[in-house]
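Here the structure is laid out as structure tokens; the discussion comes afterwards.
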Amino acid sequence: MEDVLDVYERPYDPRFPVIYMDEASTQLIGEVRKPLPPKPGQLLRIDSEYERLGTCNLFMFCEPLGGWRNVRVTQRRTKADWAYALQDQIIEHDSQAQKLILLTDHLNTHSPSCFYEVFGPSTAHWLTERLEIHYSPKHGRRLNIAKCELSVLGRQCLNRRIDDALELGQEANAWQYERDRIAKKINWQFRTCDARQNFRTPEPAGNAVGPYSHLG
């Protein structure tokens, strides 16, 4: 947890952008009956019955200090899907960034080994060398800002019935464009000192180390 929170403390450096990544599954929902159009003083009327048309996966990449986010819609969330999505991010930043600082979770599909399963060894090595990966704690995925962005996307854009993956991607891109345009940010306030206060454990007697130790 402290490793993740230390990443949040890093100052903005375009040579080493800190990028947060998370993913979520969303349903494609179709109408069984055509909604009735709104009338003066009356909202659009939608039937409670619906048709489930499968699911899509959403990859969310965001750089809070850079002020952007990127949503990628895929049919699945396999190792190949993750590898291609991350490859695009690395290539996009390659002209300016020396290395991408990536914060993600511990899913088995979120590992540089995926590059070697999807690409040739030389490409996989090139991609791996341009990443510095930090993993959120197993039970602490909410320490990832990308999860906050996914929550906002769900409330502002996906809180209605969308029955087609193409339309889902178009709506997500429109949301992303508008959110970047107005430079919306996540006000992250949980820091290492807060974590130590909330999860405080007593120091074993005689084992204090570091600059605050009482020696002699």
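Odds and ends about this structure:
- Of the residues making up the stretch 179-190, just one is outside any loop (DSSP other than H, G, I, E, B) and either open to solvent by 70 Å² or more (accessible area, probe 1.4 Å) or more than 17 Å from residue 150 (Cβ to Cβ) (or both), namely 181.
- Qualifying residue in the stretch 157-168 (condition: at pLDDT below 95, open to solvent by less than 30 Å² (accessible area, probe 1.4 Å), part of a helix (DSSP H, G or I) and closer than 15 Å to residue 57 by Cβ): yes
- Residue match in the stretch 6-16 (condition: open to solvent by less than 40 Å² (accessible area, probe 1.4 Å), part of a helix (DSSP H, G or I) and out of contact with any Gly (no Cβ under 7 Å at 6 or more places or on another chain)): yes
- Just one of the listed residues (172, 195) is more than 19 Å from the chain's Cα centre (by Cα) and either among the polar types (S, T, N, Q) or open to solvent by less than 30 Å² (accessible area, probe 1.4 Å) (or both), and it is 195.
- Single residue of the stretch 1-46 satisfying the filter (aromatic (Phe, Trp, Tyr) and touching a strand residue (DSSP E or B) at 6+ places or on another chain (Cβ under 7 Å)) that is farthest from residue 199 (Cα to Cα): 16
The values are calculated or read from the model by the stated rules, or taken from the named source; none is laboratory data. All of these numbers come straight from a predicted model, not from anything done at the bench. Cβ: placed from backbone, ideal geometry, glycine included. Neighbour counts: every protein chain shown. With ligands, DNA and RNA removed, areas are computed over all heavy atoms of the protein, side chains included. Shrake-Rupley method; radii C 1.70, N 1.55, O 1.52, S 1.80 Å.
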